[in-house]
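Below is one structure; the comments refer to it alone.
The values are calculated or read from the model by the stated rules, or taken from the named source; none is laboratory data. Because the structure is a prediction, the values reported are computed rather than measured. No Cβ is skipped: glycine too gets one built from the backbone with ideal geometry, and neighbour counts run over all protein chains shown.
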Amino acid sequence: MNDTPGWTSPGSAPSDGQDGSGIPRPTTPADANGPASQWSKDQPPAGQWSPPTGQTPPPTPGRNWGAPPPNPHWGRPPAAKPGVIPLRPLGMGEILDGSVKTLRTYWRTVLSISVTVAVISQIASLLGQRYLVPTTPALSPDATPAEQLEQSLQAAQDSLIGLGPALLVTLVTSLVSAALLTVVISRAIVGRPASLGDAWREARPRLLQLLGLTLLMVALSLAVIAVGLLPGLLIGGSVGVALIVLGGFGAMAAGVWLLIRYSLASPALMLERQGVVSSLKRSAKLVQGSWWRIFGITLLTQLLIFIFTMIIAIPFTIVGIAIDGDGFSGLLSGSSTAFGWPFLIVTGIGGVITSAVTYPISAGVTVLLYVDQRIRREALDLELARAAGLPGYGPTPGNETVGG
């Protein structure tokens, strides 16, 4: 294993007929002759002794000559599990369980990262909503539907501009959180805890590149949206509206495809210490042939996160409305255009709780998807077993901790 937190250098994909070590995989009897279930006493698998024609094999205690040979996988010991996941290809449940187990096992380090980031993000959002978002003018009852739509769009644009500084703070803190949690999770895989200081020392040199990767992904998304909507905006009229709708759906589909294709670029950048463009290419290679699987796991994860967020947010919203009844009544009657401090504080506390839990889960799923793809394509499980110091996997590398 090299001295980078990538465990091993990029290897060949299964489609190359190799296991990542440069040596072609041997062909098993099952591969050459079909499934083991097709074996019979008249045509045993290649390489196994068969009696001469017309002769009955001598009776052997404990041997049933009319039955297929035992499955060679029966009796194998379970996969090694030095950390939060077993070192073998992972199922969807194991990926989610590994993320939760990392949070439970190393909760001091994980929560110190996620809670700090959540508090900073919520304070920035709260201050932005209170002081930076301009007051929305009341809609005129005599305004036409077109004028009301224009006013609503203008109010949304002003709100987005006003929340720009808060969104920037959230972006930076989320990047730092993702980088630190990636280091913690990568070490948790081989059962080696990482303190907050260890995670910071490993992640700090990669933060600028991670920021560049994130900005590049945002630019790609905006470019896709522009390509999808621009023709309709230029044409205008009813035809333009139809093109905007079609272009919007097309841009959404293309954006989701790009998002999944490059979803493993962040852990590749952090753990293999590659550049921004190299990380994007690396992610595309790992995702190739597994797009729908990664999409399904990512979608399920986000759905679970959304459900958990709603479970926490709804009670805090109700409490905030009860405490800040006057402000909420004024908002409904139109005499006030902003929530009061009590409502913002209570809902902000709920936001901190949800973010502190969902940040590690989301980061854990991304990192474990990356590890799972490398196990499937490059036999990374062998390198991880050596990194964990397990017996029977060769000498332990000099730098035995994943991530540094």
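Residues satisfying the criterion are absent from region 185-192 (criterion: part of a helix (DSSP H, G or I), over 21 Å from residue 362 (Cα atoms) and either at pLDDT 75 or above or more than 25 Å from the chain's Cα centre (by Cα) (or both)).
Within region 201-216, is even one residue of a type in the set (Gly, Ala, Ser), buried (at least 21 other Cβ atoms within 10 Å of the Cβ) and at pLDDT below 95?
Yes.
So for region 108-130 (the condition being assigned to a helix (DSSP H, G or I), modelled with pLDDT of 65 or more, within 19 Å of the chain's Cα centre (by Cα) and surrounded by fewer than 18 Cβ atoms within 10 Å (Cβ to Cβ)), does at least one residue qualify? Yes, region 108-130 has at least one match. Among the residues making up region 273-289, those that are closer than 18 Å to residue 256 by Cα and surrounded by fewer than 18 Cβ atoms within 10 Å (Cβ to Cβ) are 281, 284, 285, 288, 289. Listed by position, the helices (runs of 4 or more DSSP H) contained in region 195-302 that have at least 2 residues being under 22 Å from residue 365 (Cα atoms) and touching a residue at least 60 places away in the same chain (Cβ under 8 Å) are 196-203, 207-235, 265-272, 276-287. Of all the numbered requirements in (1) at pLDDT below 75; (2) under 19 Å from residue 102 (Cα atoms); (3) of a type outside the set (Lys, Arg), residue 365 misses one, and that requirement is (1).
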